[in-house]
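The structure under discussion appears below in the form of structure tokens.
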Amino acid sequence: MLSTSNLAIQFGSKPLFEAVTVKFADGNRYGLIGANGCGKSTLMKILGNDLEPSVGEVMLQAGLRLGKLNQNQFGYEDDRVLDVVMQGHAEMWAAMKERDLIYANLEATDEDYMRAAELEGKFAEYGGYDAESRAAAILIDAGIEEPAHNGLMREVPPGLKLRVLLAQALFSRPDVLLLDEPTNNLDIYSIGWLERALNAYDATMIIISHDRHFLNQVCTHIADLDYQQLKVYPGNYDDFMLASVQARQRVEASNAKARDKISDLQEFVRRFSANASKARQATSRKRQLEKIKIEEIRPSSRQNPYIRFEQGKKLYRTAFGVEKLNYRYPDTDENVLNDVSFTVEAGERIAIIGPNGVGKTTLMRCLAGELIPNSGTLTWVENAQVGYMPQDPQAEFEEKLDLFAWISQFTGKADDDQLVRATLGRLLFSGDETKKSVKVLSGGEKNRMIYGKLILTKPNVMLMDEPTNHMDMETIESLQIGLEQYPGTLVFVSHDREFVGGLATRILELKPGGRLSDFRGSYDEYLKFQGIDP
């Protein structure tokens, strides 16, 4: 069991959260959710003993082992893959390294060898003698084949590095496991593996994720950090959404009844407090007034941007076509894209999926004109107006402009301050925020600004590469609603299955070797076609 008592942390004059008293136990899997900036990762660091709270304490039941996911995927580039996994048991690894140093020391004393014998005992107690075989078994289960185990982490493809770190977190057989954004940078297939691995593992887990489908598949409880407080709900994310709305409605209804009662009692006291025959009754009503409490409803830290996309000119029939497209990066021998051909009809919503590193972003950059194919053709219809959201929009924000000036570039009108302010306001930028430099925006804020650009430029074809990256659930849900109502043509890459499932009318799957398969239908229909339970 991991628990907290009266936990609070404060940066500056305002607490991030306060009075957090909670118990995580019984092998439950808790999804820790809340708006960006509400303090989820801060709370996770406190639970993992990486940060001291301002007030309160964290208690881990005696004898229980705590494990946590390392966030630095590139922090072990010169280490052997098996060693990275075994480092997940810090005490065993420390005992092994100290023992090996003694054995390697040609000038070691008898006292040193006594210490080595002591370390051998600890090493055995921690299960060190079968550590490599256990680490290898976890890696194989994670899809990391045996030939890679003795190689260096730098040789592991980026899409698989997080799997190694997840294996590291599981290696010590922790009783409590902390996972902060474990689905980040995982493709749809890897997320499916992670769901199965966590559901099969017996431990109490606390998981931060913005992937709604993942939370629904894995979590038995939802810990909601909002109103600067933490409240735990039984069930998965969908259960939480229903329960939280109902709970707030009950409080609002109860407060409404209490206010009506207060109004009636105050009116009686006002009318009859000076009346001698009614004085006793008026006094009784005053006592009743003192007992009635209005429950405080704190303002939520959640905010939903208002996102709606329009198209300037309507397209009829075809939007664009690709024929025998090939792309190979300089100084490489193999094509990333290999004879890729497809035609996009006006109004289609196409999801491009596939394993990490297979070429999805490369294809999107070719479609957007950022990369020139080695061969093949890309043909746009005459009236096509293309809007592009890159996976990394950093290049869009290199100029020294504030938010107001940056978004003003896309209004199509001179000095349309009202339109600019309205657009920024709908994207949750207001007041002095509009004067800050675009260079200091967070990843999520930059993405919201790109949404604003697309809203104002009104393309009839939108190319979006991972548009939900860095976003909280409220923004993802608002974006999905906006795209569902968008009348134009949409081609997008996403690893968010709820997002793909809610939008796609056609699936293009890129496979290793740069080949493309084409499925006309929804994502759930595609999974069933593949023999996978959606």
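The values are calculated or read from the model by the stated rules, or taken from the named source; none is laboratory data. Note that the structure is predicted; figures quoted are calculated from it, not measured. Note that we place each Cβ from the backbone using ideal geometry, even for glycine, and neighbour counts take in every protein chain shown. The area values use the complete protein model at the heavy-atom level, side chains included, leaving out ligands, DNA and RNA. Shrake-Rupley method; radii C 1.70, N 1.55, O 1.52, S 1.80 Å.
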**Q.** Members of segment 103-116 found to be farther than 28 Å from A169 by Cα and within 47 Å of the chain's Cα centre (by Cα), listed by number
**A.** Y103, A104, R115
Q: All but one of (1) touching a Pro at 6+ places or on another chain (Cβ under 8 Å); (2) open to solvent by 70 Å² or more (accessible area, probe 1.4 Å) hold for E91, so report the exception by its number.
A: (1)
(Q) It is to be established whether one or more residues within segment 238-254 are open to solvent by less than 90 Å² (accessible area, probe 1.4 Å), of a type in the set (A, V, I, L, M, F, W, C) and in contact (Cβ under 8 Å) with a residue 60 or more places away in the chain. (A) yes
(Q) Could you tell me how many of the residues in segment 442-465 are under 22 Å from Q385 (Cβ atoms), open to solvent by 10 Å² or more (accessible area, probe 1.4 Å) and within 23 Å of the chain's Cα centre (by Cα)? (A) 1
Q: Considering only segment 5-77, give the strands (runs of 3 or more DSSP E) lying wholly within it that have at least 1 residues that are under 26 Å from R302 (Cα atoms).
A: 14-24, 29-33, 55-60
Q: Scan segment 3-23 and give yes if some residue there is out of contact with any strand residue (DSSP E or B) (no Cβ under 6 Å at 6 or more places or on another chain), farther than 30 Å from N304 by Cα and modelled with pLDDT of 90 or more, otherwise no.
A: no
Q | Extreme residue, surrounded by the fewest Cβ atoms within 10 Å (Cβ to Cβ), among residues of segment 161-198 that are assigned to a helix (DSSP H, G or I), modelled with pLDDT of 90 or more and touching a Lys or Arg at 6+ places or on another chain (Cβ under 8 Å) | A | A169
**Q.** Any chance G347 is within 40 Å of the chain's Cα centre (by Cα) and either open to solvent by less than 60 Å² (accessible area, probe 1.4 Å) or of a type in the set (A, V, I, L, M) (or both)
**A.** yes
Q. Out of segment 478-521, which residues are within 24 Å of G192 (Cα to Cα) and in a loop (DSSP other than H, G, I, E, B)?
A. S494, H495, D496, A504, T505, P512, G513, G514, G521
(Q) Being open to solvent by 20 Å² or more (accessible area, probe 1.4 Å) and either within 16 Å of Q73 (Cβ to Cβ) or modelled with pLDDT under 90 (or both) is the requirement here; does Y129 meet it? (A) no
Q | Those residues of segment 476-518 which are within 25 Å of P459 (Cα to Cα), open to solvent by less than 70 Å² (accessible area, probe 1.4 Å) and free of Cβ contacts under 8 Å to residues at least 60 places away in the same chain, in sequence order | A | Q480, F499, G502
Q. Out of all the residues in segment 289-304, is one or more open to solvent by less than 90 Å² (accessible area, probe 1.4 Å) and not in a loop (DSSP other than H, G, I, E, B)?
A. yes
(Q) Take the conditions in a helix (DSSP H, G or I) and at pLDDT 90 or above and apply them to L119. Does it pass? (A) yes
Q.
If the requirement is being under 18 Å from G514 (Cβ atoms), in contact with a Gly (Cβ under 7 Å, 6 or more places away or on another chain) and not small (G, A, S), which of these qualifies: L371, L363, L367, L337?
A. L337
Q.
Take the conditions closer than 25 Å to N6 by Cα and in contact (Cβ under 8 Å) with a residue 40 or more places away in the chain and apply them to E295. Does it pass?
A. yes
Q: Kindly indicate whether any position in segment 437-444 is aliphatic (A, V, I, L, M), over 30 Å from E382 (Cβ atoms), assigned to a helix (DSSP H, G or I) and free of Cβ contacts under 8 Å to residues at least 24 places away in the same chain.
A: yes
Q. Out of all the residues in segment 55-66, is one or more open to solvent by less than 60 Å² (accessible area, probe 1.4 Å), closer than 25 Å to R29 by Cα, of a type outside the set (A, V, I, L, M, F, W, C) and free of Cβ contacts under 8 Å to residues at least 60 places away in the same chain?
A. yes
Q | Number of positions in segment 221-237 that are crowded, with 21+ Cβ neighbours inside 10 Å and small (G, A, S) | A | 1
Q: Determine which member of the set L363, L378 is in a helix (DSSP H, G or I) and more than 30 Å from R426 (Cα to Cα).
A: L363
Q | Top-ranked residue in segment 384-441 [being among the acidic types (D, E) and either under 16 Å from L454 (Cα atoms) or out of contact with any helix residue (DSSP H, G or I) (no Cβ under 9 Å at 6 or more places or on another chain) (or both); ranked as surrounded by the most Cβ atoms within 10 Å (Cβ to Cβ)] | A | E396
**Q.** Flag if L265 is part of a helix (DSSP H, G or I) and in contact (Cβ under 8 Å) with a residue 60 or more places away in the chain
**A.** no
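Listed here are the residues, each with its yes/no results for (1) open to solvent by 80 Å² or more (accessible area, probe 1.4 Å); (2) among the aromatic types (F, W, Y).
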| site | (1), (2) |
| --- | --- |
| F309 | no, yes |
| G321 | no, no |
| N326 | no, no |
| G357 | yes, no |
Q | Within segment 100-116, considering residues that are open to solvent by less than 90 Å² (accessible area, probe 1.4 Å) and part of a loop (DSSP other than H, G, I, E, B), the one farthest from Y129 (Cα to Cα) | A | T109
